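Visitor: One structure, pasted below without further comment.
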Amino acid sequence: MIFSAEEAVSAVRDGDTVLVGGFGMAGMPVELIDALIEHGAGDLTIVSNNAGNGDTGLAALLAAGRVRKVVCSFPRQTDSWVFDGLYRAGQIELEVVPQGNLAERLRAAGAGIGAFFSPTGVGTPLAEGKESRVIDGREYLLEYPIRGDVALIRAHVADRMGNLVYRKTARNFGPVMATAAAVTIAQVARIVDVGQLDPEVIVTPAIYVNRLVQV
Amino acid sequence: MIFSAEEAVSAVRDGDTVLVGGFGMAGMPVELIDALIEHGAGDLTIVSNNAGNGDTGLAALLAAGRVRKVVCSFPRQTDSWVFDGLYRAGQIELEVVPQGNLAERLRAAGAGIGAFFSPTGVGTPLAEGKESRVIDGREYLLEYPIRGDVALIRAHVADRMGNLVYRKTARNFGPVMATAAAVTIAQVARIVDVGQLDPEVIVTPAIYVNRLVQV
Amino acid sequence: MSLSREQMAEIVARDIPEGAYVNLGIGQPTMVADYLRPDSGVVLHTENGMLGMGRPATGDEIDPDLTNAGKQPVTELPGAAYFHHADSFAMMRGGHLDVCIMGAFQVSARGDLANWSTGAPDAIPAVGGAMDLAIGAKQVFVMMSLFAKDGRPKLVPECTYPLTGRGCVSRVYTDVATFSVGPDGARIIETFGITADELINRVGMPLVSSPFD
Amino acid sequence: MSLSREQMAEIVARDIPEGAYVNLGIGQPTMVADYLRPDSGVVLHTENGMLGMGRPATGDEIDPDLTNAGKQPVTELPGAAYFHHADSFAMMRGGHLDVCIMGAFQVSARGDLANWSTGAPDAIPAVGGAMDLAIGAKQVFVMMSLFAKDGRPKLVPECTYPLTGRGCVSRVYTDVATFSVGPDGARIIETFGITADELINRVGMPLVSSPFD
């Protein structure tokens with residue numbers, strides 16, 4: 001269960017879809033991304049809220065040419081120059097997904113839902129090509145699950161089985177991404193013995209966690 | 001926010017759909033159900049995992065002739081003689097919903113999902129009349145949200161705003177039902193001042209709770 | 001005299017019911033928080049996963065794990081709760097927030113909202129939570145200047161920019177007037193430093209003037 | 001000699017991989033817990049909202065807020081976690097449980113499961129979590145006597161009782177034999193006190209005998 005960052009990310013293979021937690025820097029698994037860059041897997045699809053900031057983390061992964069496609073809600077930021085450059089040069093694909101659909105599609109993947117009718121995006125350009133249906137007088141769009149081969153997330157404390165708790169708004173995408181990937185790798189600040197976490201407050205049960213990295 | 005049981009359940013009107021938490025006695029809002037019987041609202045649709053046990057709680061509500069229809073996963077139990085009698089006499093309607101669909105349909109109501117394709121029940125008698133679709137090679141059935149006019153749930157501790165924590169497996173349906181009703185009434189063992197519950201461990205945020213009853 | 005941004009924020013704050021659950025969009029709407037009375041019981045939601053958000057954090061209060069949707073450090077109020085992104089957006093999309101306040105490029109008389117893209121051919125699309133907020137809250141208030149830099153009104157008969165949501169806005173707060181919008185069209189609620197006639201003339205479309213104006 | 005219920009439970013327990021996440025259905029399957037080695041790392045899920053369920057509670061341990069899916073009082077092991085019903089069934093339906101063990105009225109050679117209703121016209125229908133468990137776990141094991149009280153085999157070419165799930169069972173543990181079932185039909189894995197030929201004769205349908213038999 002407990003790995004070095006290098007060993008942990010060796011689960012990622014060329015062509016994989018990798019779910020990357022975090023909203024801005026809160027919950028961003030920085031050390032796992034660094035290890036992934038070092039690891040060298042390429043042709044990746046990255047699912048994350050943003051498409052990298054500055055020159056580190058996801059931006060560095062993009063800059064290293066390892067990413068074929070980004071699925072995110074908000075790629076364009078003041079410091080997203082790496083993504084912007086690749087996108088304008090036609091060197092990276094982009095699927096823009098409203099943030100709530102992103103979260104709900106990840107949840108659907110984890111929960112065995114085949115597809116769901118979402119209220120978001122009706123009448124907008126993002127509805128193009130989507131099946132729509134009026135239910136009880138309201139229009140919805142059909143949205144499909146987003147599954148990952150690997151999820152890289154950051155939590156606060158884990159026990160040795162892999163139960164996780166998070167800290168404040170760094171919780172964000174971690175709990176849903178953990179359910180949506182075949183292999184979930186969590187970096188945590190601290191690993192405690194089994195029995196040290198209160199069963200009432202565990203946010204991600206160990207069943208969803210395959211590898212722990214303490215950083 | 002803080003009411004007597006009598007005042008709290010006065011929100012229920014004739015013909016309402018009432019979501020009732022609990023799995024067996026764990027999480028069953030016994031005092032709220034007693035108050036509802038006293039209150040007298042009738043022609044109710046009750047959504048709950050079971051259809052009453054023995055002669056108290058939901059069974060007493062049924063025996064009092066207040067329930068038109070039960071939506072549940074498992075009505076037939078060793079001590080469900082009140083429901084059994086009414087059902088065999090043709091005096092109550094029953095919609096049997098697989099437990100996971102019940103939970104997910106309640107969640108869908110709370111989450112604004114118009115409908116979802118569920119993996120459960122395919123090829124069974126409960127698939128009759130349901131729209132089916134093959135997605136990625138697997139067959140699913142379309143399921144619709146279950147909304148309540150009122151939810152009656154039991155939690156462990158509330159703060160004065162209505163934030164809730166539960167206790168062990170008594171958590172069960174409470175958190176999803178709280179999101180799925182127009183008015184959610186929670187009975188709790190203890191009400192504490194705002195700020196006394198750790199924001200990391202709140203299971204039902206106060207936004208979902210309209211009335212608190214301490215019993 | 002037209003309103004300053006601070007005055008607009010104050011007017012919006014005044015219209016938020018006591019005890020409401022409110023999401024303040026990124027940018028100008030965040031200023032509304034400064035004008036909410038501490039005893040109003042208004043609870044702020046931030047879609048990255050929190051109810052009970054407090055004011056911006058400064059100095060030692062800054063915690064990289066506690067930010068708002070604009071990724072700025074914020075504080076936590078008593079009674080706060082944290083939750084993950086799917087739960088946060090379920091809260092929003094399920095219609096549990098009372099009010100959401102957003103900026104806009106354009107709002108149509110019937111309440112269509114355009115605030116995520118100018119449709120420029122070279123723009124990189126980015127939507128964030130705007131479309132979820134637009135359709136999720138019980139009421140969507142827009143705060144914006146009534147006229148763009150080029151002088152064209154941003155309250156329009158039909159949005160020309162790509163939509164964020166259809167018929168979702170109920171109130172539009174601008175520097176020169178407050179409007180209600182919806183199925184019956186745009187109605188002037190209040191004007192600031194301009195007459196209703198001037199306003200109708202400058203906006204260039206039919207506006208019903210409120211009897212209270 | 002055919003197996004006792006205890007021996008069947010022991011054999012099922014032996015086939016559960018170390019560290020597996022397992023749901024034990026109501027009734028006979030709960031006996032499997034007694035034969036799991038404490039160091040096996042197997043974690044029990046109960047669909048009413050818990051991972052890390054321990055043995056049945058007795059005496060002072062009994063807590064009305066801590067029960068299993070059969071509503072019997074149970075205990076909590078170190079590393080346990082509680083969650084609500086939607087999360088619990090998402091865990092199940094999302095395919096995260098390694099093994100689910102259920103009783104059955106009938107199982108077909110291709111793995112169809114019938115265990116929720118005998119289809120009797122006067123029966124009150126009640127399904128609980130059976131249909132979710134049937135389709136949710138990576139592997140569904142069935143534990144049952146091979147023959148009903150009237151002597152008819154419960155492993156059948158086609159289920160005559162209403163289905164719980166289609167093609168979901170992979171292994172059937174009975175008192176006289178263990179079978180694998182699936183798209184290629186039923187195969188005998190092991191027999192107890194009966195020869196493969198006798199078994200085929202009594203079940204009255206084609207069964208492939210394993211090379212290890």
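Visitor: Given (1) away from chain D (no Cβ under 14 Å); (2) more than 30 Å from B:Val194 (Cβ to Cβ), where does B:Thr78 come up short, assuming only one miss?
Guide: B:Thr78 satisfies all of (1) away from chain D (no Cβ under 14 Å); (2) more than 30 Å from B:Val194 (Cβ to Cβ) except (1).
Visitor: Does the stretch D:67-77 contain at least one residue that is more than 23 Å from B:Pro98 (Cβ to Cβ), out of contact with any Gly (no Cβ under 9 Å at 6 or more places or on another chain) and surrounded by 24 or more Cβ atoms within 10 Å (Cβ to Cβ)?
Guide: no
Visitor: I'm told A:Ala11 meets every condition in (1) small (Gly, Ala, Ser); (2) more than 28 Å from B:Phe117 (Cβ to Cβ); (3) in contact with a Gly (Cβ under 9 Å, 6 or more places away or on another chain) except one. Can you identify the failing condition by its number?
Guide: All conditions are met except number (3).
Visitor: I've got another one for you. With a cut-off of at least 1 residues that are closer than 25 Å to D:Cys168 by Cβ, name the strands (runs of 3 or more DSSP E) lying wholly within the stretch D:10-104. Break it down stepwise before answering.
Guide: Details: elements: D:21-24, D:43-46, D:50-56, D:74-82, D:99-102.
Those strands (runs of 3 or more DSSP E) span D:21-24, D:43-46, D:50-56, D:99-102.
Visitor: If you don't mind, another one. How many residues, within the stretch A:120-134, are out of contact with any Pro (no Cβ under 9 Å at 6 or more places or on another chain) and either surrounded by fewer than 17 Cβ atoms within 10 Å (Cβ to Cβ) or within 12 Å of B:Phe116 (Cα to Cα) (or both)?
Guide: Within the stretch A:120-134, the first condition is being out of contact with any Pro (no Cβ under 9 Å at 6 or more places or on another chain), and the residues that meet it are A:122-123, A:127-134.
With either surrounded by fewer than 17 Cβ atoms within 10 Å (Cβ to Cβ) or within 12 Å of B:Phe116 (Cα to Cα) (or both) added as a condition, the list becomes A:128-134.
Residues that pass the stated criteria total 7.
Visitor: Quickly run through the stretch C:1-42 and pick out the residues that are among the hydrophobic types (A, V, I, L, M, F, W, C), touching a helix residue (DSSP H, G or I) at 6+ places or on another chain (Cβ under 7 Å) and farther than 22 Å from C:Asn115 by Cβ.
Guide: Correct list: C:Leu36 only.
Visitor: Regarding the stretch C:67-79, can at least one residue be identified that is within 12 Å of A:Arg171 (Cβ to Cβ) and either more than 7 Å from every other protein chain (Cβ to nearest Cβ) or touching a Lys or Arg at 6+ places or on another chain (Cβ under 6 Å) (or both)?
Guide: Looking for residues that are within 12 Å of A:Arg171 (Cβ to Cβ) and either more than 7 Å from every other protein chain (Cβ to nearest Cβ) or touching a Lys or Arg at 6+ places or on another chain (Cβ under 6 Å) (or both), one finds none in the stretch C:67-79, hence no.
Visitor: A further question on this structure: Can you tell me how many residues in the stretch A:134-148 are in contact (Cβ under 8 Å) with a residue 12 or more places away in the chain and either in a strand (DSSP E or B) or out of contact with any Lys or Arg (no Cβ under 8 Å at 6 or more places or on another chain) (or both)?
Guide: Of all residues in the stretch A:134-148, those in contact (Cβ under 8 Å) with a residue 12 or more places away in the chain come to A:135, A:138-148.
Narrowing the set further to residues that are either in a strand (DSSP E or B) or out of contact with any Lys or Arg (no Cβ under 8 Å at 6 or more places or on another chain) (or both) leaves A:135, A:138-143, A:147-148.
Final tally of qualifying residues: 9.
Visitor: Can I ask one more? Looking at (1) within 27 Å of D:Leu66 (Cβ to Cβ); (2) surrounded by fewer than 22 Cβ atoms within 10 Å (Cβ to Cβ), find the lone condition where B:Arg154 falls short.
Guide: (2)
Visitor: Additional query: Out of (1) closer than 30 Å to B:Trp81 by Cα; (2) within 14 Å of chain A (Cβ to nearest Cβ); (3) surrounded by fewer than 24 Cβ atoms within 10 Å (Cβ to Cβ); (4) in contact with a Leu (Cβ under 8 Å, 6 or more places away or on another chain), the odd one out for D:Ile124 is which?
Guide: Tallying (1) closer than 30 Å to B:Trp81 by Cα; (2) within 14 Å of chain A (Cβ to nearest Cβ); (3) surrounded by fewer than 24 Cβ atoms within 10 Å (Cβ to Cβ); (4) in contact with a Leu (Cβ under 8 Å, 6 or more places away or on another chain), D:Ile124 fails exactly one: (2).
Visitor: Here's a check for you: in the stretch D:129-149, which residue that is within 12 Å of chain B (Cβ to nearest Cβ) and free of Cβ contacts under 8 Å to residues at least 60 places away in the same chain is surrounded by the fewest Cβ atoms within 10 Å (Cβ to Cβ)?
Guide: D:Gly136
Visitor: Out of the residues in the stretch D:177-201 that are among the charged types (D, E, K, R) and surrounded by fewer than 16 Cβ atoms within 10 Å (Cβ to Cβ), which is nearest to the chain's Cα centre (by Cα)? Show your work before the answer.
Guide: Initially, the stretch D:177-201 is screened for residues among the charged types (D, E, K, R), giving D:184, D:187, D:190, D:197-198.
If we keep only those that are surrounded by fewer than 16 Cβ atoms within 10 Å (Cβ to Cβ) too, we end up with D:184, D:190, D:197-198.
Details: D:Asp184: 21, D:Glu190: 17, D:Asp197: 26, D:Glu198: 25 Å.
By that ranking, first place goes to D:Glu190.
Visitor: Quick one: count up the residues across the stretch C:82-113 that are within 11 Å of chain A (Cβ to nearest Cβ), in contact with a strand residue (DSSP E or B) (Cβ under 6 Å, 6 or more places away or on another chain) and closer than 21 Å to C:Val32 by Cα.
Guide: 1
Visitor: Can you tell which of A:Ala155, A:Ala181, A:Ala115 is under 22 Å from B:Ile202 (Cβ atoms) and in contact with a Phe, Trp or Tyr (Cβ under 9 Å, 6 or more places away or on another chain)?
Guide: Sole residue among the options that is under 22 Å from B:Ile202 (Cβ atoms) and in contact with a Phe, Trp or Tyr (Cβ under 9 Å, 6 or more places away or on another chain): A:Ala155.
Visitor: Continuing with the same structure: Do the conditions hold for B:Thr45, that is, is it surrounded by fewer than 21 Cβ atoms within 10 Å (Cβ to Cβ), polar (S, T, N, Q) and more than 27 Å from B:Gly110 (Cα to Cα)? Don't jump to the end; show me each part of the working.
Guide: Working: surrounded by fewer than 21 Cβ atoms within 10 Å (Cβ to Cβ): yes; polar (S, T, N, Q): yes; more than 27 Å from B:Gly110 (Cα to Cα): no.
So B:Thr45 does not fit the description; no.
Visitor: Does the stretch C:89-128 hold any residues that are among the aliphatic types (A, V, I, L, M), more than 20 Å from B:Gly114 (Cα to Cα) and in contact (Cβ under 8 Å) with a residue 24 or more places away in the chain, and which are they?
Guide: From the stretch C:89-128, those among the aliphatic types (A, V, I, L, M) are C:90-92, C:97, C:99, C:101-102, C:104, C:107, C:109, C:113-114, C:120, C:123-124, C:126-127; that's our starting set.
Those left that are additionally more than 20 Å from B:Gly114 (Cα to Cα): C:99, C:101-102, C:104, C:107, C:109, C:113-114, C:120, C:123-124, C:126-127.
Those that are among the aliphatic types (A, V, I, L, M), more than 20 Å from B:Gly114 (Cα to Cα) and in contact (Cβ under 8 Å) with a residue 24 or more places away in the chain: C:Val99, C:Ile101, C:Met102, C:Ala104, C:Val107, C:Ala109, C:Leu113, C:Ala114, C:Val127.
Visitor: Which residues, taken from the stretch A:134-144, are over 17 Å from A:Ser73 (Cβ atoms) and either aliphatic (A, V, I, L, M) or away from chain C (no Cβ under 12 Å) (or both)?
Guide: To start, the set of residues in the stretch A:134-144 that are over 17 Å from A:Ser73 (Cβ atoms) comprises A:134-140, A:142.
If the condition is that a residue be over 17 Å from A:Ser73 (Cβ atoms) and either aliphatic (A, V, I, L, M) or away from chain C (no Cβ under 12 Å) (or both), then A:Val134, A:Ile135, A:Asp136, A:Gly137, A:Leu142 are the ones that fit.
Visitor: Residues in the stretch B:86-107 that are more than 9 Å from chain D (Cβ to nearest Cβ) and either touching a residue at least 40 places away in the same chain (Cβ under 8 Å) or crowded, with 24+ Cβ neighbours inside 10 Å (or both): how many? It would help to see each step written out before you state the result.
Guide: So in the stretch B:86-107, the residues more than 9 Å from chain D (Cβ to nearest Cβ) come out as B:86, B:89-93, B:95, B:105.
Within this subset, residues satisfying the condition of being either touching a residue at least 40 places away in the same chain (Cβ under 8 Å) or crowded, with 24+ Cβ neighbours inside 10 Å (or both) are B:105.
Qualifying residue count for the region: 1.
Visitor: Is there any pair with a first residue in the stretch D:150-167 that is within 13 Å of chain B (Cβ to nearest Cβ) and a second that is surrounded by fewer than 15 Cβ atoms within 10 Å (Cβ to Cβ) and part of a loop (DSSP other than H, G, I, E, B) whose Cβ atoms are under 6 Å apart and which are 6 or more apart or on different chains, and what are they?
Guide: D:Tyr161/D:Thr118; D:Tyr161/D:Gly119; D:Pro162/D:Gly119
Visitor: Mind listing just one residue for me: the one in the stretch B:108-133 that is small (Gly, Ala, Ser) and in a helix (DSSP H, G or I) and, of those, farthest from the other protein chains (Cβ to nearest Cβ)? Outline the logic, then answer.
Guide: Residues of the stretch B:108-133 that are small (Gly, Ala, Ser), as a first pass: B:108-112, B:114-115, B:118, B:121, B:123, B:127, B:129, B:132.
Filter again for in a helix (DSSP H, G or I), leaving B:108-111, B:127.
Values: B:Ala108: 8, B:Ala109: 8, B:Gly110: 5, B:Ala111: 4, B:Ala127: 9 Å.
Checked the stretch B:108-133; the qualifying residue farthest from the other protein chains (Cβ to nearest Cβ) is B:Ala127.
Visitor: Ok, one more. Which one of B:Thr184, B:Thr179 is under 22 Å from the mean Cα position of the chain (by Cα), within 30 Å of D:Val74 (Cβ to Cβ) and in a strand (DSSP E or B)? Lay out the reasoning, then the answer.
Guide: Details: B:Thr179 fails: in a strand (DSSP E or B).
Within the list B:Thr184, B:Thr179, the selection yields B:Thr184.
Visitor: Do you know which residues across the stretch C:105-150 are in a loop (DSSP other than H, G, I, E, B), among the aromatic types (Phe, Trp, Tyr) and under 23 Å from C:Pro17 (Cα atoms)? Spell out how you get there, then give the answer.
Guide: Of the residues in the stretch C:105-150, the ones in a loop (DSSP other than H, G, I, E, B) are C:105, C:109-112, C:115-129, C:137-138, C:144-146, C:148-150.
Retained after the next criterion (residues that are among the aromatic types (Phe, Trp, Tyr)): C:105, C:116.
Selection gives nothing.
Visitor: For the stretch A:167-215, enumerate the residues that are buried (at least 20 other Cβ atoms within 10 Å of the Cβ), within 13 Å of chain D (Cβ to nearest Cβ) and not aliphatic (A, V, I, L, M).
Guide: Hits for the stretch A:167-215 are A:Pro175, A:Thr179, A:Thr184, A:Pro199, A:Thr204, A:Pro205, A:Tyr208, A:Asn210.
Just so you know, all these numbers are worked out from the coordinates, no wet-lab data involved. These numbers come from a predicted model, not from an experiment. Virtual Cβ from ideal backbone geometry, glycine too; neighbours counted across all protein chains shown.
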